[in-house]
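Working notes, structure below.
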Amino acid sequence: MKFFIDTANLDQIKKAQDLGILDGVTTNPSLMAKEGISGQNNILRHYEKICNLVEGDVSAEVISVDYKGILDEGKTLSKLHPQIVVKVPMITEGIKSIKYFSNNGIKTNCTLVFSSGQALLAAKAGATYVSPFIGRLDDISQDGILLIEEIRHIFDNYAFETEILAASIRNPMHIINCAKAGADIITAPLNAILSLANHPLTDIGLAKFLDDYKNTN
Ligand code: E4P
């Protein structure tokens, strides 16, 4: 299972990278805006900085919603750095664009996926990654993990190579349940990833070991 970090914050990306468990980065226009990155040039420079911090794939999202616009943006992004994956929204123009990119050796991440039908279309078009947003489904009382299980089942039935990149992860239980459901990758904020390491019995046990060592040395 691969771990991506879902942020455009360079410090957090560096912290995750330093842990030694990071396989890639996902960003989106909202995450870029949160870091105060605006203007096409600044946005492109920021993607380069992220690519230079990590070794894995870095998803960079297009903001066009028409075929030509998506292709133009995607080509610019993919030429920026070999680690860039073009993130394309799940709309009909997006599906056509994913097919074009796939035919031309450009990696894609189909984003804003909320149903297994959408995931199936993205896989048919040749997406490298498909991103089901499980937290946003949970927010409206739909089972996000069930969607991961359904997509896993469908992709396995036909040996689709598209990887399931579980997105919109809010907490460590989402990560564990995605692992149980067979997601290939999770993308999560740093705090959700770090929370996996926490257990009160670990803290109590470590304090006791250190105390016992101190009392006898
Ligand atoms: C996916 O790639 C998105 O960047 C992200 O996971 C969305 O998460 P959110 O629902 O917490 O905004």
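The values are calculated or read from the model by the stated rules, or taken from the named source; none is laboratory data. Treat the numbers as computed from the prediction; the structure is a model and nothing was measured. Note that we place each Cβ from the backbone using ideal geometry, even for glycine, and neighbour counts take in every protein chain shown. Heavy atoms of the whole protein, side chains included, go into the accessibility calculation; ligands, DNA and RNA do not. Shrake-Rupley method; radii C 1.70, N 1.55, O 1.52, S 1.80 Å.
Checking each residue in the range 88-110 for being hydrophobic (A, V, I, L, M, F, W, C) and more than 14 Å from the ligand (Cβ to nearest atom) picks out Ile91, Ile95, Ile98, Phe101, Ile106. Only one of the numbered conditions (1) within 13 Å of the ligand (Cβ to nearest atom); (2) over 13 Å from the mean Cα position of the chain (by Cα); (3) buried (at least 19 other Cβ atoms within 10 Å of the Cβ) is violated by Arg136, and that is (3).
With respect to Ser141, is the statement that it is outside any helix (DSSP H, G or I), within 16 Å of the ligand (Cβ to nearest atom) and touching a Cys at 6+ places or on another chain (Cβ under 8 Å) true? Judged against the criteria, Ser141 is not a match. The numbered conditions (1) over 23 Å from Ser115 (Cα atoms); (2) touching a residue at least 12 places away in the same chain (Cβ under 8 Å); (3) assigned to a helix (DSSP H, G or I) are all true for Asp11 except (2).
For the range 153-160, state whether one or more residues are free of Cβ contacts under 8 Å to residues at least 60 places away in the same chain and under 17 Å from the mean Cα position of the chain (by Cα). It would help to see each step written out before you state the result.
Initial filter on the range 153-160 (free of Cβ contacts under 8 Å to residues at least 60 places away in the same chain): 153-160.
Subsequent filtering for residues that are under 17 Å from the mean Cα position of the chain (by Cα) retains none.
Checked against the condition, which is being free of Cβ contacts under 8 Å to residues at least 60 places away in the same chain and under 17 Å from the mean Cα position of the chain (by Cα), the range 153-160 yields no hits at all.
Picking from residues in the range 158-175 that are assigned to a loop (DSSP other than H, G, I, E, B) and within 12 Å of the ligand (Cβ to nearest atom), the one that is farthest from Asp139 (Cα to Cα) is Asn171. Entry remark, the range 167-184: residues being within 16 Å of Thr7 (Cβ to Cβ), out of contact with any Gly (no Cβ under 7 Å at 6 or more places or on another chain) and open to solvent by less than 20 Å² (accessible area, probe 1.4 Å) number 2 in total. Does Asn198 qualify as being open to solvent by 40 Å² or more (accessible area, probe 1.4 Å) and either touching a Leu at 6+ places or on another chain (Cβ under 9 Å) or in a helix (DSSP H, G or I) (or both)? Taking the combined requirement at face value, the residue does not satisfy it.
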